[in-house]
Amino acid sequence: MIAVVGNDAGWTQIAREQVKMLGDDVGTVLARTAYHEVAKGFGAAGVEIRRDAEVAAGLEEARRIAASGKPVLVNVWLDKTEFRAGSISM
């Protein structure tokens, strides 16, 4: 199993609507969390991808590890974007 986390250091999809409705981003701004290290603490493998140029190699590493039978979490750093602007998560 390979799990991929899109890590933008926040709950951006929620924050967009919350700021519009409430004028505040409280509870949606997070630290850049090392989810790949958390996975290792639970016995899985972790791969961190910080730049576009690392995507192919990082995913290949995840595939190689998963093929050996170990679950993998891939922590992909994302920039803030307007992707899915207007969608609401509740």
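Here, each number is a calculation from the coordinates, and none is a lab measurement. Every value quoted in this text rests on a predicted model; they were computed, and no experiment measured them. With ideal geometry, Cβ positions are generated from the backbone for all residues, glycine too; neighbour counts draw on all protein chains shown.
Here are the numbers:
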read-out	value
Ellipticity estimate at 222 nm from DSSP helix runs (n ≥ 4, -39,500 (n - 2.57)) divided over the chain, nearest 500	-10000 deg cm²/dmol
Reachable lysines from residue 70, criterion Cα separation under 29 angstrom, eight or more residues apart if same chain	40
With at most 14 neighbouring Cβ atoms within 10 Å, loop chymotrypsin sites (Phe, Trp or Tyr not before Pro) (DSSP) excluded, longest segment of the chain	1-41
Loop trypsin sites (Lys or Arg not before Pro), the stretch 1-88 (other Cβ atoms within 10 Å of the site Cβ: 10 or fewer; DSSP)	51
Of 10, 34, 65, farthest towards positive along the dipole that unit charges on Lys, Arg, Asp, Glu beta carbons give the chain	65
Magnitude of the charge dipole, the stretch 2-77, Cβ model with Lys/Arg +1 and Asp/Glu -1, debye to 20	220
Radius of gyration, Dmax [the chain; alpha carbons; angstrom]	15.3, 48
